[in-house]
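To start, the structure under review is shown below, and the notes come after it.
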Amino acid sequence: MPKVFENHEIAKDVYRMVVEAPDVVKYRKAGQFVMVRPGAGHERIPLTIADADKEKGTITLIYQVVGKTTIEMSRIEAGGEISDVAGPLGMPTHISKVGTVAIVGGGIGVAPSHPIAQSMRAAGNEVIAIMGARNKDLIIMEPEMRAASDEVVIVTDDGSYGEKGFVTDALKRLLDAGRKIDLVVAIGPPIMMKMVSKLTKEYGVSTLVSLNTIMVDGTGMCGGCRVTVGGETKFVCVDGPEFDGHLVDFDEMMRRQKMYSRHEAESRHLCRLDGGTSHG
Ligand code: FES
């Protein structure tokens, strides 16, 4: 079973896990994800690969504690093991030299944006990272993003760090200042990706979004991750996770996510009450 080398909280309810996955390291590309099962009997959850160490054969996963499975995952100590890591899954990001790429990461969305920033820069692009969170304590991976980008703009809703406002304000300011941006990659909460896509559509800037829907099997069989893109049904796990932000039906996606969030809240409550000894 894969060994866990690190697992600790890096922001409120956000954890960083470094886990053994040599085969994933060998084949993974920016934009891909893995399905992780913390223990026998737990459900599998999709997590994007935030970083990888080729020599050690480890991958870094950043995850937010939102329900029973992630609570269990947060309790695994360094030196422990998890049941399995399957992947890499999903289509890799199309990396090419386009000029200037703005990577917009909201909250925990900064984690999957990190390998994309690294790959885009390695392909010769100028990379501007716009990182947003509700407050200073929720900004994650700042040193890593600074190392992977030519320029970093930090925004917080409450102004406790960086500029006060939303990532869309920072992006709009750059565009209004005449900054030539050839591609935007937005990863974060659905509402953030919706607003970024709305803004970039007005400015005519191509935009990729990485969708973080519920997934069950991660192989295109269950339909749990389906979304509508350009009027067509797509499966995030096999057709995505990245899509043209101007074509995604975010309202439908958010309605579907809402159905699950009530169950997550209930399971989180139960898990905290029963000490996490039961799994679903
Ligand atoms: S997770 Fe089942 S079809 Fe995508």
Point-to-point label distance, I10-E151, nm (Cα→Cβ direction, 7 Å offset): 2.5
Net charge contributed by nearby residues that have their C-beta within less than 12 Å of G245 (K/R +1, D/E -1): 0
Folded to 0 to 90 degrees: helix 250-273 orientation relative to the chain principal axis, Cα: 40
Histogram of C-alpha separations across region 28-181, 5 Å bin width, %: 2, 9, 16, 18, 19, 15, 11, 7, 3, 1, 0
Residue with peak Gaussian network fluctuation, the chain [Cα springs, cutoff 10 Å], from N125, N135, N212: N135
Cβ charges +1 (Lys, Arg) and -1 (Asp, Glu), total dipole of the chain, debye: 300
Solvent-accessible area, 1.4 Å probe, carbon plus sulfur percent, for region 4-53: 47
Kirkwood hydrodynamic radius of the chain, from inverse mean 1/r over distinct Cα pairs, in Å: 19.0
Residue-averaged [θ]222 nm for the chain, counting only DSSP H segments that reach four residues, each worth -39500 (n - 2.57): -9000 deg cm²/dmol
Å² per residue, accessible surface of region 4-89 at 1.4 Å: 43
Surface accessible to a 1.4 Å probe, R179 within the full protein complex, Å²: 70
Linear extension gain, C222 paired with E142, 0.36 nm per residue minus alpha-carbon span: 25.2 nm
DSSP-defined antiparallel bridges as percent of all bridges, region 6-135, nearest 5: 75
Potential lengthening between A40 and K54 on full extension [0.36 nm per residue; Cα-Cα distance subtracted]: 2.3 nm
Among E72, E43, E202: highest mean-square fluctuation, GNM of the chain, C-alpha pairs under 10 Å: E202
Cβ-based charge dipole, region 37-136, positive-most Cα from N135, T70, T93: N135
Angle in degrees between helix 167-176 and the longest Cα principal axis of the chain, rounded to the nearest 10: 20
Cα lying deepest toward the dipole's positive end in region 80-222, options V184, L211, S160, charges on Cβ: V184
Most mobile of V65, V104, V248 in a GNM of the chain (Cα contacts under 10 Å): V65
Dipole moment magnitude, nearest 20 debye, region 100-253 about Cα centre, only Lys, Arg, Asp, Glu C-beta charged: 200
Pairs of lysines in region 1-79 (C-alpha under 22 Å apart; 8 or more residues apart or interchain): 10
DSSP-defined antiparallel bridges as percent of all bridges, the chain, nearest 5: 60
Carbon plus sulfur fraction of accessible area for region 100-253, probe 1.4 Å, in percent: 52
Trypsin sites (Lys or Arg not before Pro) within region 76-164: DSSP coil, no more than 14 neighbouring Cβ in 10 Å: K97, R134
Long-range Cα-Cα pairs in region 4-89 (distance over 20 Å), rounded percent: 24
Cα centre as origin, Lys/Arg/Asp/Glu Cβ charges: region 4-89 dipole, Debye: 280
Where N is the number of residues in region 100-253, Cα Rg divided by 2.2 N^0.38 Å: 1.01
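Among the trypsin sites (Lys or Arg not before Pro) in region 15-73, which ones are in a DSSP loop with at most 16 other Cβ atoms within 10 Å of the Cβ? Mind listing them?
Of the trypsin sites (Lys or Arg not before Pro), the ones in loops of region 15-73 whose Cβ has at most 16 other Cβ atoms within 10 Å are K29, K54, K56.
The values are calculated or read from the model by the stated rules, or taken from the named source; none is laboratory data. Keep in mind that this is a model prediction, so the values were computed, not measured. Here the Cβ is made from the backbone with ideal geometry for all residues, glycine too, and neighbour counts use every protein chain on show. Heads up: the accessible areas ignore ligands, DNA and RNA and are worked out on the full protein's heavy atoms, side chains in. Shrake-Rupley method; radii C 1.70, N 1.55, O 1.52, S 1.80 Å.
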